[in-house]
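Encoded as C-alpha cells, the structure appears first; notes follow it.
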Amino acid sequence: MLDRRQFLKLGGATAFATLFGGCDKVQSRLIPFVIPPENYTLGEALWYASVCGQCPAGCGVVVRVSEGRAKKVEGNPLHPVNRGKLCARGQAALQALYHPERLSRPMKLSGARGSGAYTPVSWEEALSLLMGPLKKGKAEAPGSLLMVSEPMRGHAGLVAGRFMKAFGSKHRVAWDPFGPDAMLSANAAVYGVRDLPEHDLANARYLLSFSGDFLETGISPVHYAREYGRMRGDRETIRGKVVHFGPRLSMTATAADLFLPCAPGTEGFVALGIAHVMVRDRLTAASSAAGRLADDLGAYSPEEVEKKTGVHAHDIAAVAEEFARNQPGLAVAGTGAATGPDGAFHCAAVALLNVLAGNVGTPGGVSFPDRAQAFAKYGAEAALLAPSPESGYGGMRAALEKMRGGAFRMAILSGATNPAFTLPPSLKFNEALSKVPFVVAFASFLDETTSLADLVLPVPTALEAWGDDLAPVGHAGAITLCQPVVEPLHDTRSMPDVLIAAAKELGGEPAKALPWSSFRECIEKAYGGPGGEMEKALQRGGFFGESSSSRSASRTGSVAFPKAAERPIDGDPKAFPLALHLYPSLTLYDGRGANLPWLQEMPDPISTAVWRNWVEVNPKTAAGLGLAEGDGVTVTSPSGKITAHVAFNPGIAPDVAAMPLGQGHTRYGKYANGRGENPITLLPAGEMYALQATRVALAKTKLSTTLARTGNPEGQWKVKNMM
Amino acid sequence: MKHTWAMAIDLDRCTGCGACVVACNAENNIPVIGEAEAGKNRLMHWIRVNRYWEGEYPEAQAVYLPIPCMQCERAPCELVCPVYATYHNEDGLNAMVYNRCIGTRYCANNCPYSVRVFNWYDYKWEKPLDEQLSPDLTVRSRGVMEKCTFCIQRIRRAKETAAEEGREIRDGEVVPACVQTCPPGAMLFGDLADPHSEITRKLKDPRRFRLMEHLGTEPRVVYLKRQKGAGR
Amino acid sequence: MARRPFNAAIPLACLALTLFLSAGAAFAETVPQPIAFCHKIHVTDYKLNCRFCHSSTNKSQYANLPSVEKCMMCHRSIATDKPEVKKVAQYWNGKKPIPWNKVIDVPNHVYFPHKKMVNAGIPCLTCHPGMDQAGTAVQKLEFGMGMCMECHRKKKVTIDCWKCHY
C-alpha cells in the first residue's frame, strides 16, 4: 500500500490547483480529492506566514489561503518589523503572484538581442543552455562571469556569494537604486558605524525630518509609520512633535506639525544652523563634542543659513531651542537629502544633531543593532547573509566599464531593481551589456533589463519560495523564514536552486561549496530541519525571540565636522531655472510596482493622480510659465528631455520641479508601458547615483494623453475644521 | 446581542499612505477600471483618502481624510431606494443588497459623502488574477451599486466563531481590512454597545467630530482632529 | 513536508465561503454521473450517517464530497466484485479524482453555511428529501428564497438580507 504522504506527493504538486471541488465553472463538475491533505476542511481558510518581498524592508506577512489560492496578505502580528501592519505595496503582492504576464516557462532568445522575441523551452534545455557557457567559462576564464542582482539577504546571498567565489569570479554586483550610500558614509563619519541606524520614534518627543520620507518610501516605511503612530498617540501625556525641512511638501512633510520649506540641496545647512544655535546657547547634552565643534559651527549662524536655505533665522533658532528642550529628540535625513550630489554632507550634518542632543544609544534616540550577529556562526561569510545595504553604484559603474572592455563572457542578472530602467541612460547599460556574449536572467517578469537576456529563467515569487531574510531595520535580531504559501503557480525554479544544481554539475569547488540538493535543504539544514524548532518558527514566520545587542557608536565623542563640498548640480540656472527633485513613488517604488493594477489605480497622496506620471510645480511658478493643472509640458535637462503632465503642489519651493520615479516603462507589460516617460533619463551619469543632480526647464506642449486625478468628489472642506 | 459597530479615524495618526485603499481592494473584490474610466471619476474604491490643501507657499499645508461609507444612523441613501436594496440592518449598518439593486443610482445621488460606487460595466479579472478573488463575498455584476460594508464578511465570521464557542464577540475580534493594515494605527473599529470597548473609550476624546454633522446623518465613522504642538 | 499553517493568536476565524459557480442547477432531474453511486444502499440499507461521507457539513459552509480514499476505506474489501465499485478502484489505482457532476447549485450572491443548519439540528432530509432512497444524487425540492424564509421565520431566526446576501 502506498504510504499516505507519498501518495499526496504524487498527486500533490498540482493537486491543490486542479483536483478540487467547486472550482470548475464550465462543466459544473465537483471534483473531490484523491486524498485530502491532513487537517484540511473544505471551505476553511488557513493562514501561512512568509516574507513580503515587494521592497527591501523585509516585513513579515501572513497569507490567507483558501482552496489552495492566496486570497489576502496581511502583516504578521508577531513580526518585529511591522507588527501586523502592511503598506499598499505589500497588499499588492498578490497581484504579482497572480499576474497574467508572469513568466511561466524558461525562454530562449529567438531573434536579435533586445528584440523581445523568445521561444519557450523546457527546463532541461534551458539548463543545458546555461551549463554550456558556464562549463566553458569555468575551464577557460572563471573571472569572466558577472553577476548583477538586487542585494540578496539570508541564505540566498550565501548561495550566490559562495557560487561566485567557488566559480573563481569576484565580479558580483548588488544594485539597489535607493541604497542609502550617503547615509552609510555619513554614519561612518559621525557615529563610527557604517550601517543603518534604528530610530526610536515611539519614545521620541521631537522629530526633525530633513526631506525625510520615512512614512512612504524610506528604509522601512511600515515599521516607521507604526512607530510614528505610537509617537503621536500612544503616550498619555506626551505627543511627539514633528518638524520637516525640505524643498517639497511630501506625504511625510504633510504629517509634520510644522513644514519649513528650504531650497533644494540645503538640508545640511539647516541642520548646521540648528547645531549652531544649540552650541551657542549651551543647549547641548554632549558638551565635549559641542566644544570641539564650536569653531567650525561659527560660520553657520541662523542669519547666514537663512541666506543659503531660505528658512527664516528666527524659525531656525526657535526650532533649535524646542528640539533641545524636548528630549529625547531625533534628527532624520531622508532620500531627498541623501540622494543629492552632496548627500553624505547633508546626512552627516543631520546626524550631528543626534550627537549634540546626546541621543545616541538612548531610548528615543539612534542605535545600531548588530545585524551580522544573527548569522555569526558563518564567520567571515556572515557578510554574505547580512550584506551592507549599499546601492552598489560604484561597483555597477566599474562593471559597466569592464563589460565595454569585453572582460565578461557571461552575465547572470537577477532581482527586481531593473538596472536598464533605474540607471541614467547616459551610463549606457544596454550597450555595455550587448558586449557580453551570453546573458542569462532570473526573473518573474520581462522588463527593460531581463528582455536583454539570451536566456530567461522564471523564478517563483516570495510567496512561492523557500528562504530566509534579515530586515535592514526594526528586526531586533529576528530572522524571517519564507515558505511557499501556495503551490508554485508556474514551472519556476528559484535562483539559489538553479545555482545549486549548476554547482553540482560543475563539480569540484562549486559542488563542494554548495553541498545541498536544493535550496530548501539548505534552509532546513541551517535552521534544524523539519520538525522541532524550525517547524515552530515556520508557523510563527521566523525566529523572533532573540534580541540583538547594539553595537556601540564609537565615534561620537570625536566627530569630524562635515564639510560641504561645492558640487553644483547640472545645468545653467538661466537656461534651466528649476531644480529637479526626483523621489521614489509611494506606490511604484523604484518602478517595480508599475505592472500591478492595484498600485497604478491607487491615487497618489499628493497629486491624487492615477495610471500616469506628472511633474509637480508650485502654482505660482506654473502661473509664471502659463501652465494650468493637467497641462502637458516638456521637461528638459542638459541630459535629456521628456514630457509629463503638470500637477500643482502648493507646498513645493517655487524653484523646484518634482517628479516621482517608477513610471515610464517600455517593456514591463501592458499595465506599465506607455504611462509617461522615465524621469531617470534626465539625470547625468555622475560619480554618485544622485537623484537631485540636475536642473530642468519646463515648456508647455500638447499631449494626447490626460492626467486622471481623483479630486474630492464631495467638495472642499476647510482644513481648519479638521485640526 | 445587538451591536453598534463604529469606526474611529485619528487624523493625528493618519499619514495618507493609502494602505487602507489597497487592503480594501484585496479584501472586497474591488475591480480595476483602468485609466480612461478613472478619468471619468468612476474609481470603484470603497475607501478613498481625500487630500485637502490649505494656504499658500510657504505656509501651505495638507490634511488627509480617509473616507469609507459612514454607515449613517439616518442614512439619506436608504430613503430613496425604490426597491429596498439598501436598508438599515439589525446591527445598525447601512446594508447594500446586490441582488435587489436595479441600478437607479438614486442612493449615490443622495449620499453627501460620495462613497457609493456604481458598476458601469462587467469588470474583468484577467486570468489568473481571478484566483485572488475572495470567495467570502459576491463578485458584483454590471448595473449594481456597491459600497463599503465595514467588511461584513469579517463581522459574520466573528459572529459565527463566537456562536460556535458559545460566547459574545470579544472587543477587537472584528477588524475590517483597512483597520487591520493601517500602518500608523490611525483606525479603530469596535462595538459602541459594549461600554468597555476600546472604541467607546476612544470616542470620549474631545477631538471627535463627524463629517457634515449639520446634515443630521449621524455617521458611525467618527474622526479625531489633528493636533498641534508637542504637548497634549 | 506539508505547508505549515500560521498559528498566531490573531483572529483566524476562517469560515465563510461562497461558491463561485455558474447558475443552472438541474432541478429534480437525474444528472449523469461517472459512477452509478447508490445513496439508498449506503444510507438506508447500511445505515451510514450522511456525515460519514459528507464530513464537513457540520464544520464548514460546504458539504464536501468524500475523497476517493474515503471510498476505498471500505471498498478495498467490501463489494469489490461489483462493476461500479471496480470503477472506484480504477480511479484510486490511477490516482485520479472522480469527476462528479454538479447537482445542487448555490448562486454567487448567496452565502449558505451548511454548518449553521446542521448544527441547529435540521435533518439533512429536510432540504434534500428522498436522498436516502435515491441512486445518484437528485434534488427533489426546488431551492428558492421563499423556502429559506419560511424556515427562518418559523424558527425565529433573523431574516436580515445581509445574513445571506453580501
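The values are calculated or read from the model by the stated rules, or taken from the named source; none is laboratory data. All values reported here derive from a predicted model rather than from experimental measurement. Cβ sites come from the backbone with ideal geometry, for glycine too, and all protein chains shown count toward neighbours. To get the accessible areas, we keep the full protein, side chains included, count just its heavy atoms, and leave off ligands, DNA and RNA. Shrake-Rupley method; radii C 1.70, N 1.55, O 1.52, S 1.80 Å.
Out of A:592, A:695, one residue alone is open to solvent by 10 Å² or more (accessible area, probe 1.4 Å) and either in the same structural domain as residue A:115 (by TED's automatic domain parsing) or within 29 Å of residue A:575 (Cβ to Cβ) (or both). It is A:695.
Among what's in segment B:84-100 and is out of contact with any Ser or Thr (no Cβ under 8 Å at 6 or more places or on another chain) and open to solvent by less than 50 Å² (accessible area, probe 1.4 Å), pick the residue that is nearest to residue A:713 (Cα to Cα). Filtering first and then ranking leaves B:86.
Taken over segment A:215-239, residues that are at the interface with chain B (Cβ under 10 Å from one of its Cβ atoms) and open to solvent by 10 Å² or more (accessible area, probe 1.4 Å) amount to 12. Residues in segment A:226-250 that are closer than 24 Å to residue B:201 by Cα and among the small types (Gly, Ala, Ser): A:229, A:233, A:240.
If you filter segment A:546-594 down to residues that are over 19 Å from residue A:346 (Cβ atoms) and acidic (Asp, Glu), you find that the one that is modelled with the lowest pLDDT is A:546. Would you confirm whether any residue within segment A:642-659 is at the interface with chain B (Cβ under 9 Å from one of its Cβ atoms) and under 21 Å from the mean Cα position of the chain (by Cα)? No; the residues of segment A:642-659 include none that is at the interface with chain B (Cβ under 9 Å from one of its Cβ atoms) and under 21 Å from the mean Cα position of the chain (by Cα). Here segment B:104-141 is the region considered, the condition is being away from chain A (no Cβ under 14 Å) and under 22 Å from residue C:164 (Cβ atoms), and the residue that is most open to solvent (accessible area, probe 1.4 Å) is B:141.
Return the only residue of C:165, C:152 being part of a helix (DSSP H, G or I), modelled with pLDDT of 90 or more and of a type outside the set (Ser, Thr, Tyr). Spell out how you get there, then give the answer.
On the way: C:165 fails: part of a helix (DSSP H, G or I).
Result: C:152 is the single residue among C:165, C:152 that is part of a helix (DSSP H, G or I), modelled with pLDDT of 90 or more and of a type outside the set (Ser, Thr, Tyr).
For residue A:416, the stated conditions hold: it is under 19 Å from the mean Cα position of the chain (by Cα) and open to solvent by 20 Å² or more (accessible area, probe 1.4 Å).
Matching residues to (1) within 21 Å of residue A:129 (Cα to Cα); (2) part of a loop (DSSP other than H, G, I, E, B); (3) touching a residue at least 60 places away in the same chain (Cβ under 8 Å):
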position	(1), (2), (3)
A:476	no, yes, yes
A:486	no, yes, yes
A:504	yes, no, no
A:512	no, no, yes
A:525	no, no, no
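Among the residues of segment A:408-426, some residue qualifies, meaning at least one is part of a loop (DSSP other than H, G, I, E, B) and under 17 Å from residue A:144 (Cα atoms).
Restrict the check to segment C:105-121 and report whether at least one residue is free of Cβ contacts under 8 Å to residues at least 40 places away in the same chain, in a loop (DSSP other than H, G, I, E, B) and not acidic (Asp, Glu). Yes, there is a match, as at least one residue in segment C:105-121 is free of Cβ contacts under 8 Å to residues at least 40 places away in the same chain, in a loop (DSSP other than H, G, I, E, B) and not acidic (Asp, Glu).
Pairing each residue of segment B:1-30 that is more than 9 Å from chain A (Cβ to nearest Cβ) with any residue that is acidic (Asp, Glu) and surrounded by fewer than 23 Cβ atoms within 10 Å (Cβ to Cβ), provided the two are 6+ apart or on different chains, yields C-beta distances under 8 Å for B:1/B:168; B:2/B:90; B:2/B:91; B:3/B:91; B:4/B:91; B:5/B:91.
I'd like to check something: does segment A:297-316 contain any residue that is without any contact (Cβ under 8 Å) to a residue 24 or more places away in the chain, closer than 15 Å to residue A:561 by Cα and open to solvent by 10 Å² or more (accessible area, probe 1.4 Å)? Yes, segment A:297-316 contains a residue that is without any contact (Cβ under 8 Å) to a residue 24 or more places away in the chain, closer than 15 Å to residue A:561 by Cα and open to solvent by 10 Å² or more (accessible area, probe 1.4 Å). Of the numbered criteria (1) under 23 Å from residue B:182 (Cα atoms); (2) more than 14 Å from chain A (Cβ to nearest Cβ); (3) charged (D, E, K, R), the one residue B:100 fails is (1).
Against the condition open to solvent by less than 10 Å² (accessible area, probe 1.4 Å) and either away from chain B (no Cβ under 14 Å) or farther than 21 Å from residue A:293 by Cβ (or both), how does residue A:359 come out, does it pass? Lay out the reasoning, then the answer.
Numbers: open to solvent by less than 10 Å² (accessible area, probe 1.4 Å): yes; either away from chain B (no Cβ under 14 Å) or farther than 21 Å from residue A:293 by Cβ (or both): yes.
Yes: the conditions hold for residue A:359.
Residues in segment A:200-214 that are more than 10 Å from residue A:246 (Cα to Cα) and of a type in the set (Gly, Ala, Ser): A:202, A:204.
I need a count of the residues in segment B:152-171 that are within 12 Å of chain A (Cβ to nearest Cβ) and either under 17 Å from the mean Cα position of the chain (by Cα) or at pLDDT 95 or above (or both).
Of the residues in that region, 2 qualify.
Scanning segment A:563-592 for residues that are outside any loop (DSSP other than H, G, I, E, B) and not hydroxyl-bearing (Ser, Thr, Tyr) returns A:570, A:578, A:579, A:580, A:581, A:582, A:592. Got at least one residue in segment B:72-90 being modelled with pLDDT of 95 or more, in a loop (DSSP other than H, G, I, E, B), within 14 Å of chain A (Cβ to nearest Cβ) and under 18 Å from the mean Cα position of the chain (by Cα)? Within segment B:72-90, one or more residues are modelled with pLDDT of 95 or more, in a loop (DSSP other than H, G, I, E, B), within 14 Å of chain A (Cβ to nearest Cβ) and under 18 Å from the mean Cα position of the chain (by Cα). In segment A:257-279, the residue that is farthest from residue A:563 (Cα to Cα) out of those that are open to solvent by 10 Å² or more (accessible area, probe 1.4 Å) and within 11 Å of chain B (Cβ to nearest Cβ) is A:257. If only residues of segment A:66-94 that are open to solvent by less than 10 Å² (accessible area, probe 1.4 Å) and aliphatic (A, V, I, L, M) are counted, the one that is farthest from the chain's Cα centre (by Cα) is A:70.
Yes or no, residue by residue, for (1) within 12 Å of residue A:541 (Cβ to Cβ); (2) more than 7 Å from chain C (Cβ to nearest Cβ):
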residue: A:42; (1), (2): no, no
residue: A:47; (1), (2): yes, no
residue: A:71; (1), (2): no, yes
residue: A:81; (1), (2): yes, yes
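State the number of residues belonging to segment A:387-413 that are of a type in the set (Gly, Ala, Ser), surrounded by 22 or more Cβ atoms within 10 Å (Cβ to Cβ) and at negative phi.
In the first step, residues of segment A:387-413 are kept if they are of a type in the set (Gly, Ala, Ser); the result is A:388, A:391-392, A:394-395, A:398-399, A:405-407, A:411.
Filter again for surrounded by 22 or more Cβ atoms within 10 Å (Cβ to Cβ), leaving A:391-392, A:399, A:411.
Those still in the list that are at negative phi too: A:391, A:399, A:411.
Adding up the residues that qualify gives 3.
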